[in-house]
Amino acid sequence: MKNLYFSLICILLLSPTLLYAQNSKIKKAQGHGNTEAAAKSDALANLSFYFYSNVKSQIESSSSMTQNNDKVSKSASIDKKSLISSELPLYGVTFEITDNGLSGRQKQYEALASMDPEIVLPLYKLELEKSCKNIDSQLLSLKKLKGTKKENAYTALAGEYANYQKMEMIVEFLGGKDIPSPSLSPEDFNTEYKKFTRDVTSLEKAAQITVDYINENAGKNISGIYVYAPQYEGDGAATQFSRTIASFIQGKLSSRTALDKGNALYYLQGTYYMVPGSVDSDDMILNFYLCKNDGSVILSTPLIRLTYEAYGQYKYLPAGYSLTQEIAKGNVADPNFGVSIRINGDRKPQTFKSGDSLIIEARVTSPCYIYVIGHVFNEANQEFSYLFPLEPYADGKEVFVRKISSKEVNQWVVLNPVIDDEVASIEIIPPYGEETLQIFAVTVDNIEEVTALIPDYRESDDYYIVRGSPSSVSTKTRGLAIKKVSEKAAKVVHKAEAEITYTTYSK
């Protein structure tokens, strides 16, 4: 088997295990686990990721329409995008649990999570009304404050606005009308809030401001915090800059940091972007959201205005960011078919150091064939795409195709090649940088119909390299380009895709 070099951090535009009832607006997602609680949690996460993907898609469309207008519109779009970087709070979810018996020595449960818009919209509107009253009350108190107290009050209010906007986005997506709104719109508040950004000349100082604010507003005893590297514009891979600031924050939180994401009680997720209208070497805006592990926002940390002196020595622009945007433009949601991809059991942003091992998994909602194309952006500024080998003992291009049977539907399936009956883990080795894995799923009958999609390649010591730039390879090889398998095709061909991005670095 080829050695594969892996790199990067998560940008999740993922299609979860989602089901739709015919002619119904009810949203449903399946989950699995060896306990009822685990199955429910998995189903709820899938439902949340479905809302995340669709809301994100709407924001991308809105952003493309406003990016050529004034600076405030572009700024508002960027801020709104950063608010959905964690799972969205879901209310009124009902569950159906099925006991699937033993699988080996483990019990297996299946959970079906459902949301009926007619039932949940009143719940969200009630929560929005409460949030609006809270925001308006805090806005009135701001008029009486001055100096540092006013600055801190603005930052605390930013957390309330963040939670309001996340719920507002779900209500809009569910088709809700007459949505309650605070007396000061979120866009106008963001404009006011930016007046209180702090100019900072070092990343260590930025980390200290962030941790001090968490201590003051969430308490010094709060622990179990997993720190994710902040993402560029809320939608980019981890960079040398974002890994460094995350490391500083972890150091200042000390023993209160959760090293294992699975045991974390809280997530600290952040975003950064250049000051709207600025050019390279100008100031950068950085801030974080502290969320519970259910995705609900606890607080928003202060907006920090970093000078070039603070961030200029680090690589801060993701090498593969343009590819991510290109993939997002071509992503097509198919309500009858979905595919998800995760690394080491996680679909959120991640970084890996040299020596770490990766297990890559996929999950689909119907029997199908899948194939994976990787896009590499390493620290030597070398960009290329490659085919990921899924079946090492197959012939020709069938090496790159994996059949998902009916028994494997709605299960996480390991994609790592199996050699001598053992799953071969992927070890992180040089070169380091960023990488995107793009998975395609197609519901056709014959593997030949899939291998026809696989591009030609050349073999190097480590990769099956596809000719062309990552952007052109992504456009030419995606399964979504199929209109009809053949003139005689009698059934509908469903297509789906997902991607995951991660960053690797040397110890």
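The values are calculated or read from the model by the stated rules, or taken from the named source; none is laboratory data. Nothing here was measured: the structure is a model prediction, and the numbers come from that model. Cβ: placed from backbone, ideal geometry, glycine included. Neighbour counts: every protein chain shown. These area figures cover heavy atoms from the full protein model, side chains too; ligands, DNA and RNA do not enter into them. Shrake-Rupley method; radii C 1.70, N 1.55, O 1.52, S 1.80 Å.
For the stretch 121-128, the Karplus equation 6.51 cos²θ - 1.76 cosθ + 1.60, evaluated at θ = phi - 60°, returns couplings of 4, x, 5, 5, 5, 5, 5, 5 Hz by residue, with Gly and Pro reported as x.
The alpha-carbon atoms of the stretch 197-267, seen along their principal axes, cover 28, 25, 18 angstrom, with the largest extent given first. The calculated FRET efficiency for Lys507 paired with Asp178, based on their beta-carbon distance and R0 = 60 Å, is about 0.65.
Full extension of the chain between Val492 and Phe196 gives 101.1 nm of extra length, using 0.36 nm per residue less the Cα-Cα distance. In the full protein context, the stretch 381-484 carries 50 Å² of accessible surface per residue, based on a 1.4 Å probe and ignoring ligands, DNA and RNA.
Annotation: amide H of Cys368 within the under-5 Å range of Ile404, sequence separation 5 or more or interchain, hydrogens built in the peptide plane. Shown is the FRET efficiency for Leu102 and Ser141, computed with R0 = 51 Å from the Cβ-Cβ distance and rounded to the nearest 0.05: 0.30. Solvent-accessible surface (1.4 Å probe) assigned to Asp116 amounts to roughly 40 Å².
So which of Lys315/Lys348; Lys40/Lys107; Lys107/Lys407; Lys143/Lys195; Lys194/Lys292 end up more than 19 Å apart, counting from Cα to Cα?
Beyond 19 Å between Cα atoms: Lys315/Lys348; Lys194/Lys292.
The phi-based Karplus calculation (6.51 cos²θ - 1.76 cosθ + 1.60; θ = phi - 60°) puts the 3J(HN,Hα) values of the stretch 147-159 at x, 4, 4, 5, 4, 5, 5, 4, 5, 5, 5, 4, x Hz, whole numbers, x for Gly and Pro. Extending 7 Å from the Cα toward the beta-carbon at both Asp420 and Asp456 defines two label points whose distance is 3.6 nm. For the stretch 150-200, the solvent-accessible area with a 1.4 angstrom probe is 39 square angstrom per residue.
Listed peptides 220-226, 46-52 appear in the order 46-52, 220-226 once ranked by packing, highest mean of other Cβ atoms within 10 Å at the front. Sorting Phe196, Phe388 by solvent-accessible area of protein heavy atoms yields Phe196, Phe388, largest first, with a 1.4 Å probe. In straight-distance terms, cross-link reach from Lys397 covers every one of the aspartates and glutamates whose alpha-carbon lies under 13 Å from its own, apart from those fewer than eight places away in the same chain; here that gives Glu448, Glu449, Asp456, Glu459. In this simple spin-label approximation, Asn221 and Leu126 carry label points 7 Å from Cα along the Cα→Cβ vector, and these lie 3.1 nm apart.
Stretching Thr94 away from Ala38 to a fully extended chain increases their span by 18.7 nm, per 0.36 nm per residue minus the current alpha-carbon distance.
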